[in-house]
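Structure first, commentary second.
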DNA sequence: GTAGGGTTAG
């Protein structure tokens with residue numbers, strides 16, 4: 001049985017469980033060495049039914065006080081999501097060791113009860129027990145999920161004061177914790193000081209940076225990882241592709257694709273979906289479709305990526321065809337799929353079809369429309385010039401319209417030049433969130449669209465008086481795998497002079513009007 | 001008994 005379990009493969013674990021059944025049939029009793037093995041097999045299979053049976057057997061045969069047996073029993077309930085049972089077994093055991101506490105706490109943490117897990121940790125410390133490295137890894141990762149920096153520092157301090165061994169697990173947990181608690185620089189310090197790093201350390205760093213939306217930094221971490229000769233795994237590639245999607249870094253994305261092909265990594269699941277999404281977001285819809293078609297298994301994510309991609313590329317009909325195809329082969333759409341579908345209708349001017357699909361969301365697919373979906377509908381009506389219908393829709397919404405809904409209305413007003421309605425909406429918006437710059441910009445643009453320049457200027461003055469600044473938009477381009485970000489009036493790039501000279505030439509070429517020398521276009525505000 | 005995953009959103 002021990003040999004079977006050492007392979008960590010499910011088939012062998014199943015064989016181990018069958019051996020147990022065979023022993024039972026032959027009236028062979030298990031001892032304190034065999035029970036833990038059977039329980040470990042159940043853990044590997046997440047087999048709760050047999051596990052409970054073994055549990056009853058353990059009690060009957062008087063092994064309920066054997067620590068090794070009990071800990072494995074707790075572990076089984078832990079992976080099966082039965083926190084209550086973990087606790088019960090723990091409470092019934094008079095003698096507990098550090099392992100029992102660790103399994104108990106992890107049981108809480110893994111099943112989403114982070115706070116309770118941390119509380120138990122302090123209860124244990126109060127009991128006079130000293131935590132070891134493994135225990136600290138569990139608690140620190142719980143703290144990362146909580147995003148509680150104060151607690152994180154306290155735990156790090158504990159690691160210091162007890163002079164615990166700073167191994168790769170502890171290092172990874174700390175890096176993750178600091179990244180999730182908003183302390184990027186501390187995380188980087190810990191990362192640099194780690195005596196040992198593995199692929200998980202790098203993945204923690206890269207995906208942690210990506211989650212902070214620091215995609216450029218994430219890509220440089222990836223470059224550094226390669227310089228140091230660490231081989232990326234599938235998780236690394238998915239995280240890197242995600243960065244590419246957000247940056248529009250097509251060249252890096254293509255490089256990853258080549259790497260995937262060269263290393264014979266299967267283009268399916270997360271990797272395939274991330275590739276499709278990357279190509280779609282980087283503007284290479286043909287490549288996105290090619291990857292999509294090559295995938296052996298497709299799920300709701302694959303279809304959603306393609307639908308959203310086509311919708312944003314203005315291929316409304318094609319996006320909808322993919323949607324209907326998806327239904328045909330029996331893949332259930334989710335909320336995000338509908339964001340894509342409704343966006344397609346909105347961009348394609350398909351009011352009637354959009355209306356019907358919106359109704360189908362709940363009627364057919366039992367998906368409750370969220371604020372995003374209502375936003376899409378307002379956008380759909382607004383873009384089609386049906387402002388009154390859009391207003392009516394907003395007034396009859398079962399949920400409170402948010403700023404983005406009113407933003408859609410304002411955007412429509414600005415296109416159609418509906419000044420009175422825009423004024424009415426702006427007043428509502430200003431009441432709610434006065435610091436938002438977009439409201440004022442749209443109002444000003446509405447005035448400008450009907451040539452009311454003086455009013456437009458007045459809005460701008462109000463902004464100045466209330467010290468509201470327009471948050472500058474940011475664009476980025478990628479050249480030779482290096483991503484450069486640009487803001488308006490930005491002169492940070494080493495070749496900014498050349499860049500602006502080129503912008504001027506291009507503008508002259510395209511429109512016959514001169515670009516302003518500071519690089520901003522001559523726009524309304 | 002220990003760490004990271006992670007794709008979809010105008």
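Taken together, the values in this text are just the output of simple stated rules run on the coordinates, not laboratory data. Everything numeric in this text was worked out from a predicted model, so none of it was measured. Glycine also receives a Cβ, built like all others from the backbone with ideal geometry; neighbour counts cover every protein chain displayed.
The alpha carbon gyration tensor of chain A gives principal lengths a ≥ b ≥ c with a/c of 1.5 or higher and a/b greater than b/c, which makes the shape prolate. One decimal place: the segment residue A:56-residue A:198 gains 47.0 nm when fully extended, by the rule 0.36 nm per residue minus the C-alpha distance.
How long is the gain from residue A:184 to residue A:294 if the chain were fully straight, where each residue apart is worth 0.36 nm and the alpha carbon distance is subtracted?
So the extension gain works out to 35.7 nm.
Residues A:297, A:304, A:34, ranked from the fewest to the most other C-beta atoms within 10 Å, line up as A:297, A:34, A:304. Once you reduce segment A:224-269 and segment A:168-217 to the center of their Cα atoms, the two points are 19 Å from each other.
Residue ranges A:192-199, A:130-137 sort as A:130-137, A:192-199 when ordered by packing (mean number of other C-beta atoms within 10 Å per residue, highest first). Look at the Cα gyration tensor of segment A:156-203: its axes a ≥ b ≥ c give a/c of at least 1.5 with a/b at or below b/c, and that counts as oblate.
For every helix of n ≥ 4 consecutive DSSP H residues, a contribution of -39,500 (n - 2.57) applies; sum these over chain A, divide by its total residues, and give [θ] at 222 nm rounded to the nearest 500 deg cm²/dmol.
-22000 deg cm²/dmol
Segment A:354-429 has equivalent-ellipsoid semi-axes of 23, 13, 8 Å, by the square roots of 5 times the alpha carbon gyration tensor eigenvalues, sorted largest first. By the gyration tensor of its Cα atoms, with a ≥ b ≥ c the square roots of the eigenvalues, what is the shape of segment A:107-163: rounded for a/c under 1.5, prolate for a/b over b/c, or oblate? Oblate.
Counting other Cβ atoms within 10 Å as a rough exposure proxy, the listed residues A:299, A:227 run A:227, A:299 from fewest neighbours to most. Computed from the Cβ-Cβ distance with R0 of 60 Å, the FRET efficiency linking residue A:97 to residue A:321 stands at 0.45.
If you plug the beta carbon distance of residue A:365 and residue A:27 into 1/(1 + (r/R0)^6) with R0 = 45 Å, you get a FRET efficiency near 0.25. Shown for A:161, A:414: other C-beta atoms within 10 Å of each C-beta, ranked fewest to most, produce the order A:161, A:414. Under the simplified labelling scheme, the residue A:457-residue A:502 pair shows an inter-label distance of 3.7 nm, with each label point 7 Å from Cα along Cα→Cβ.
Simple spin-label estimate for residue A:19 and residue A:168 gives 3.0 nm between the two label positions (7 Å along the Cα-to-Cβ direction from each Cα). Set the Förster distance to 25 Å, then compute FRET efficiency between residue A:134 and residue A:161 from the Cβ-Cβ distance, nearest 0.05. Once rounded, the FRET efficiency stands at 0.90. The stretch between residue A:115 and residue A:329, if pulled fully straight at 0.36 nm per residue, gains 72.8 nm over its current Cα-Cα span.
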